[in-house]
Each structure stands twice: as C-alpha cells, then as structure tokens.
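What follows draws every value from the coordinates through simple rules; no lab data is involved. What you see is a predicted model, and the numbers here were worked out from it, not measured in a lab. Here the Cβ positions follow ideal geometry from the backbone for every residue, glycine too, while neighbour counts run over all protein chains shown.
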Amino acid sequence: MTETKIRIKGPVDLITTIPLLLGFHPEHSLVVVGLNEGDFQCTFRVDLPGSAEHIEHLRDLTGQLCRNECDACVLIAYGEREVGEAALARAAHRFDAAGIKPLNRFRVADGRWFSPDCEDTCCPAEGKPVPQTSPASCEVAVAGGHALPDRSAVAAQLDPAEPGRRAAVTAAV
C-alpha cells in the first residue's frame, strides 16, 4: 500500500473529505481531526448528546489525541446549532486544557457549513453550501476512499451472510 499525500487547503476540502476518512457520512456527530506539526495524524467521531442540556455526556477524546501525539486539532460538529456549538465549545476547552490547540471549529447541518469562530464576510451567518466534492476529496477517492450513506450501512457489511450463502461457502471450503 502506498502513502498518498493529500493537501487540505480550506474548510471545504476538509468537510468533503471527512466522510471518506470515516467511511460514512456523519450525522449528529462530533468529528475531531488530530494534527501533529500541521500534518494529519488521526480522525475520531463520537455521537453528540441529545441536547445542549446534556453536553456533559459528550465523550472526551483528549486521551485519544494525546496517544496519537497531536499538538493541534480541527473540530466539526454535524447537527443542529445548539447542541453542535455546545459540543464544539466543550471539546475545544478540553483539548486546549490538555495542550492540544483547537485551530478551527465548524458545524455542518442541512447541506451547509458554518464557522462559529469567523465573523468575516467569508463565513456568512446563513452558512455556505457543502459541495459534493473538492480537489482533496477527489484525491482521497482516487486513492481508494469511499463513504457509505451512514453508520448502519457500515454495520450491515458485518452482518452474517444469508444461510444459503453460508452453506455455499462451507461447501467450497
């Protein structure tokens, strides 16, 4: 297997590449991309809690980023504004306290991406559309990355085969 260098040039490149890195399109999730000296190190995803009032139930990924020697990260919340932004704030605080610098925070919902940290005209309050692809996501796809519609589609790949197919494999072996 050869290593493929992918250059992420901005939020759109990162947001369109995340599903290919995870193997599915995240929903109601917090995704953390860990970096070491500016290089991609790891990607983790956890479910968001049911509401902002339950943000204390957000799983802490600080240990995972520390074990992967990350010194910075980018956070992306997939879901509604209130719980997404609460998750971004809580996770950013935890990472910062551990010496892992949160470089950017984004939220993705209803086919649009938002930057709660940016107040420039480049990041309007109504968000920006998430395109289907970007140069970086195309590079990942060419290298073999693909995304299923959701986590249940990934889990279905691990379901046992139908009895008739299992019998055929047993006979062949």
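Summary of values
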item: Cα centroid separation - region 1-55 against region 56-120, whole Å; result: 10
item: Charge dipole (debye, nearest 20) of the chain; +1 at Cβ of Lys and Arg, -1 at Cβ of Asp and Glu; result: 440
item: Residue order, fewest to most beta carbons within 10 Å, for ILE8, ILE55, ILE18; result: ILE55, ILE8, ILE18
item: Reduced Cα scattering model of the chain, Debye log10 I(q)/I(0), q = 0.12, 0.17 Å⁻¹; result: -0.60, -1.08
item: Volume of the Cα convex hull of region 71-143, divided per residue and given in Å³; result: 112
item: Cysteines (scope the chain) whose Cβ has no counterpart Cys Cβ under 4.7 Å; result: CYS42, CYS66, CYS70, CYS73, CYS122, CYS138
item: Charge sum, other residues only, whose C-beta stays under 9 Å from TRP113's C-beta, Lys/Arg counted +1 and Asp/Glu -1; result: +3
item: Reachable aspartates and glutamates from LYS128, criterion Cα separation under 16 angstrom, eight or more residues apart if same chain; result: ASP13, GLU80, ASP110, ASP117, GLU119, ASP120
item: Burial ordering of HIS146, HIS28, fewest other beta-carbon atoms within 10 Å first; result: HIS146, HIS28
item: Which of ASN36, ALA161, PRO26, positive extreme of dipole for the chain (C-beta unit charges); result: ALA161
item: Cα pair distances of region 4-99 binned at 10 Å [whole percent]; result: 16, 50, 31, 3, 0
